[in-house]
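A short worksheet on the structure shown next.
Quick note: the coordinates plus some simple rules give every number you see, no bench work behind them. All figures in this text were calculated on a predicted structure; none of them were measured in a lab. Here the Cβ positions follow ideal geometry from the backbone for every residue, glycine too, while neighbour counts run over all protein chains shown.
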Amino acid sequence: MVGCQTSQKKNMVASEIVSGEIWNDTDGNPINAHGGGILYHEGTYYWYGEYKIGKTVLPEWATWECFRTDVSGVSCYSSRDLSTWKFEGLVLPAVKNDTLHDLHPSQVLERPKVVYNTTTKKFVMWMHIDSPDYLKAAAGVAVSDSPVGPFTYLGSFRPNNAMSRDQTVFVDDNGKAYHFYSSEDNKTMYISELTSDYLKPNGHFTRNFIGMSREAPAVFKYNGKYYLLSSGCTGWDPNQAELAVADSIMGPWTIIGNPCVGKDADKTFYAQSTFVLPVHGMNNAYIAMFDRWKKTNLQDSRYIWLPLSIANDGSITIPWRERWKLDEVFK
Ligand code: GAL
């Protein structure tokens, strides 16, 4: 990130978050963790994402803009202050020697999210697994004993026998985990309760936002209610975000509307949601994470991180900020 005055002793440092710029890791390389999510575990934040490296191509047979890079794997970066990020490597690397493997470079691996199961003591990764034409529409699962891997890939399937593309996983305060995924040709958002080990759907699911084509789900809980931030369905191109709220995580959900405020708010600031991070140890402090995709050069896609703004009446907006400091916003 830009303009850091780091101090490992303090939890929050006087670092600026400048959305859309290149953010370097502690080795000086651009952070490469797209469609990502962050897990807080024992004092450290772990940021997992798509490691998009190399040429972006549009396959010859493409009938839509399915720009892609080869799958390299899932990267992980660690930080204690949300500002200085150390590259922990590819915690789930591509499998190069088996063309039929889900993780072969020719396939699609997107939107990895990692949660921790306090009972099994395993780190569980869920991800979108697809064929290059996006017809497979499956979810993949991997596990590890350590947040920095290596993760063991368990395979992919269609959860509840339904298509699964853009996705996320959310663990509630009671330890129950839920898989949110765009299903039925991305038209309907499924919310699926997971088994107690977080490895499979437990069979209890609901269909939400039926026919509304919501993607890029990011879930958080605030003041006892559940919130879902999502995008519309226009491939790598930006569209308008939407926030919805529910008393029960399985629904019914009520649409609030576009939470973004300011220049280009109708295009989500030229970005797409991926995760909402509760800042550890702080009340009502959340960072909304977005990807600003560069569809013809995906590896150079950038990150947009903005603090949620919560008004006295509890209403939530995401105002645009060119640059902001963690310790000024989250006091
Ligand atoms: C988006 C989706 C991305 C990626 C892209 C492919 O709608 O959110 O994760 O799948 O489509 O075009």
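Observations on the structure shown:
- Each residue, THR99 and GLU60, gets one label point 7 Å from its Cα in the Cβ direction; the gap between the two is 1.4 nm.
- One Cα centroid belongs to the stretch 226-246, the other to the stretch 89-151; the line between them spans 24 Å.
- For the stretch 207-264, the spherically averaged projection of the C-alpha convex hull amounts to 4.4 nm².
- Annotation for the stretch 223-331: GluC sites (Glu not before Pro) lying in DSSP loop with at most 14 further Cβ atoms inside 10 Å of their Cβ are GLU322.
- Over all directions, the projected convex hull of the C-alpha atoms in the stretch 111-216 averages 6.5 nm² in area.
- Dimensionless Rg ratio for the chain, taking C-alpha atoms and the 2.2 N^0.38 Å reference: 0.92
- Oblate is the label for the stretch 173-226, because a/c, from the alpha-carbon gyration tensor with a ≥ b ≥ c as root eigenvalues, is 1.5 or above and a/b does not exceed b/c.
- The GNM of the chain, with springs linking C-alpha atoms under 10 angstrom apart, assigns the highest mean-square fluctuation among PHE275, PHE290, PHE170 to PHE170.
- Local net charge near SER79, Cβ-Cβ under 12 Å (Lys/Arg +1, Asp/Glu -1): -1
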